[in-house]
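Take a look at the structure below.
The values are calculated or read from the model by the stated rules, or taken from the named source; none is laboratory data. For clarity, every value in this text was computed on a predicted model and none was experimentally measured. When we count neighbours, we look across all protein chains shown, and the Cβ atoms used for this are built from the backbone with ideal geometry, even at glycine.
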Amino acid sequence: MMDTKEIVDLCQQHTLYSWSATGKVSPVVIDRAQGVWFWTHDGKRFLDFNSQLMSVNIGHGHPKVVKAIQDQAAKLCFAHPGSATEVRARLAQKLASLTPGDLDTFFFTLGGAEANENAIRAARLYTGRQKILSRYRSYHGGTNLTLQATGDPRRWANEPGAPGFIRVLDPDPYTFRFGTTDAEITENHLRYLEELIQYEGPHTIAAMIIETVTGTNGILAPPEGWLAGLKALLSKHGILLICDEVMCGFGRTGKTFAFEHGGIVPDILTMAKGLTSSYVPLGAVAFSKPIAAHFQTNVFWGGLTYNAHALCLATAIACLEVMEEENLVENARRMGDVMRGHMERMAAKHASVRAFRQIGLFGIMELQKNRAGDRLCGYNEASPVMASVGKHFSDHGLFTLTRWDAFFCNPPLCIDEAEMAHAFDIIDGALTIADAAMEDAG
């Protein structure tokens, strides 16, 4: 058996780490996991407060899903994508029963980037238009095309990329606001967006892709009324709405899909992560009936060797059954209220807390450098204070992501009250460090 150092050394010598200079990473050596916990190779236990990458929604190591993988592997791991299989039929039927409105036809991929790539391809083929609108505070995947739809800094080093992408400000930009109330923000942002559409030429725009609730760029739920207003605006101009729910779907926000909070149904929906809780790779694109009907008689010019991979589809069926049997969407809503209570308590106790946001078990806490409310650091900047906060988390067995001036609160949907309290006990200690580092501490 390898020791911890040997594992890390070999990983760094012979593999690359994403979004990193591999020689500078210090990876956690994860050995096993169960529920909301994982253990390192040396036996240290961590509470997984980020569901790894906001993806292990049902929790780790669920025996029903493990058995489904084993059973399918013993029967049929792979069939070519032009074939029909029982698991393909069953998962499509199951998803059609879960997706609202007329989203009932699916194209299967191996992840979220592939799902978004094929959603954009389908929108262009269906409309005969080329331009795609997206927002600056967004992430849609690491492929060449999806990085151009992405707004955050990960696209910079990958430019120039595919043409035809127009990025717009969000309802909640980084440095100012479109208004003080949801009604003002919605009205002003949609007015701005309509003017931009006129500048670009509505007849040239195929679709707008949005994370229904923005993920790694801030856990930003749209203001009340914005989703409905956006759908109406786009529909008026024949522009499709693509909701990217790779991260926020499958119960994360306290509803099966985040767009349900806004009372709308998009034209195209993308999903991954929670679809299999990342036990195996799988993504999917859901199409509304008019788009699906188009591709009954017109070629869909897209394909993947692993489209509708049998082992992955069987895993998804088992994960969806676990979500229903264990009432995990409702638990996300209920435990989201519990998490908000802890966040409110932390904000009242610690001067370093600038803001917090939460919808279901999709949450974030932002820190500040002084009592005037200045951000701990700027856009795409690092902070030594946040590095100290992250070290406290790790030292005390809490795993989550820190980014710029914030840390994420995205536990598996199966978390309970005691586990949530344990997490915030550790967060409490980390925020004490941040308090002491404030410019006007004392």
Quick one: in region 108-124, which of the residues that are within 21 Å of T297 (Cα to Cα) and surrounded by fewer than 20 Cβ atoms within 10 Å (Cβ to Cβ) is nearest to the chain's Cα centre (by Cα)? R121
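Within region 374-385, can one find any residue that is under 16 Å from D425 (Cα atoms) and surrounded by 19 or more Cβ atoms within 10 Å (Cβ to Cβ)? If you could, list the steps in order and put the result at the bottom.
The initial filter retains those residues of region 374-385 that are under 16 Å from D425 (Cα atoms), namely none.
Within region 374-385, none of the residues are under 16 Å from D425 (Cα atoms) and surrounded by 19 or more Cβ atoms within 10 Å (Cβ to Cβ).
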Which one of the conditions (1) free of Cβ contacts under 8 Å to residues at least 12 places away in the same chain; (2) in a loop (DSSP other than H, G, I, E, B) does I415 fail to meet, given that it meets all the rest? (1)
G201 - would you say it is in the same structural domain as G283 (by TED's automatic domain parsing) and within 20 Å of G302 (Cα to Cα)? no
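So, of the residues in region 301-338 that are part of a loop (DSSP other than H, G, I, E, B) and polar (S, T, N, Q), which turns out to be farthest from A423 (Cα to Cα)? Don't jump to the end; show me each part of the working.
As a first pass, look at region 301-338 and keep what is part of a loop (DSSP other than H, G, I, E, B): 301-309, 326-327.
Those left that are additionally polar (S, T, N, Q): 305, 307, 327.
Numbers: T305: 41, N307: 38, N327: 22 Å.
That would be T305.
When residues of region 233-277 are filtered for being hydroxyl-bearing (S, T, Y) and within 20 Å of T214 (Cβ to Cβ), how many remain?
Let us first name the residues in region 233-277 that are hydroxyl-bearing (S, T, Y), namely 235, 253, 256, 270, 276-277.
Cutting the leftovers down to within 20 Å of T214 (Cβ to Cβ) gives us 253, 256, 270.
Total meeting the criteria: 3.
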Determine, yes or no, whether T150 is closer than 17 Å to I219 by Cα, free of Cβ contacts under 8 Å to residues at least 40 places away in the same chain and of a type in the set (V, I, T). yes
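If I ask for residues that are small (G, A, S), in a loop (DSSP other than H, G, I, E, B) and closer than 22 Å to F407 by Cα, which ones from region 44-69 would you list?
Keep residues of region 44-69 that are small (G, A, S), which gives 51, 55, 59, 61, 68.
With the extra rule that they be in a loop (DSSP other than H, G, I, E, B), the set shrinks to 55, 59, 61.
Within region 44-69, S55, G59 qualify.
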For the condition assigned by TED's automatic domain parsing to the domain that holds M208, at pLDDT 95 or above, surrounded by fewer than 22 Cβ atoms within 10 Å (Cβ to Cβ) and not basic (K, R), what is the one hit in T127, T143? T127
Could you tell me which of the residues G360, G336 is touching a Gly at 6+ places or on another chain (Cβ under 6 Å), at positive phi and modelled with pLDDT of 95 or more? G360
With criteria (1) among the aliphatic types (A, V, I, L, M); (2) without any contact (Cβ under 8 Å) to a residue 60 or more places away in the chain; (3) more than 26 Å from N327 (Cβ to Cβ), A434 comes up short on (2)
Exactly one of (1) in contact (Cβ under 8 Å) with a residue 40 or more places away in the chain; (2) under 20 Å from the mean Cα position of the chain (by Cα); (3) under 28 Å from L275 (Cα atoms) is unmet by G225. Its number? (2)
Just checking, does region 238-254 include any residue being farther than 18 Å from G151 by Cβ, out of contact with any Phe, Trp or Tyr (no Cβ under 6 Å at 6 or more places or on another chain), crowded, with 16+ Cβ neighbours inside 10 Å and aromatic (F, W, Y)? yes
Looking at the structure I just gave you, is G238 out of contact with any Gly (no Cβ under 7 Å at 6 or more places or on another chain), assigned to a loop (DSSP other than H, G, I, E, B) and within 22 Å of E114 (Cβ to Cβ)? no
Can you name the condition, by its number, that L98 falls short on among (1) of a type in the set (A, V, I, L, M, F, W, C); (2) farther than 24 Å from G111 by Cβ; (3) within 25 Å of the chain's Cα centre (by Cα)? (2)
Residues that are exposed (fewer than 14 other Cβ atoms within 10 Å of the Cβ) and either assigned to a loop (DSSP other than H, G, I, E, B) or not assigned by TED's automatic domain parsing to the domain that holds S394 (or both), drawn from region 29-43: D42, G43
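If you check G341 against the conditions, is it at pLDDT 95 or above, more than 22 Å from G59 (Cα to Cα), part of a helix (DSSP H, G or I) and assigned by TED's automatic domain parsing to the domain that holds A406? Show your work before the answer.
On the way: at pLDDT 95 or above: yes; more than 22 Å from G59 (Cα to Cα): yes; part of a helix (DSSP H, G or I): yes; assigned by TED's automatic domain parsing to the domain that holds A406: yes.
Spelling it out, G341 is indeed at pLDDT 95 or above, more than 22 Å from G59 (Cα to Cα), part of a helix (DSSP H, G or I) and assigned by TED's automatic domain parsing to the domain that holds A406.
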Residue pairs qualifying under the 6 Å Cβ cut-off, at least six apart or on distinct chains, with the first in region 13-31 being among the hydrophobic types (A, V, I, L, M, F, W, C) and the second being part of a loop (DSSP other than H, G, I, E, B) and surrounded by 10 or more Cβ atoms within 10 Å (Cβ to Cβ), are V25/Y17; V29/H41
Which of the residues spanning region 424-442 are surrounded by 14 or more Cβ atoms within 10 Å (Cβ to Cβ) and in contact with a helix residue (DSSP H, G or I) (Cβ under 8 Å, 6 or more places away or on another chain)? F424, I426, I427, D428, G429, A430, L431, I433, A434, A437
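Residue check: is R167 surrounded by 21 or more Cβ atoms within 10 Å (Cβ to Cβ) and on the phi < 0 side of the Ramachandran plot? First the steps, then the outcome.
On the way: surrounded by 21 or more Cβ atoms within 10 Å (Cβ to Cβ): no; on the phi < 0 side of the Ramachandran plot: yes.
Answer is no for this residue.
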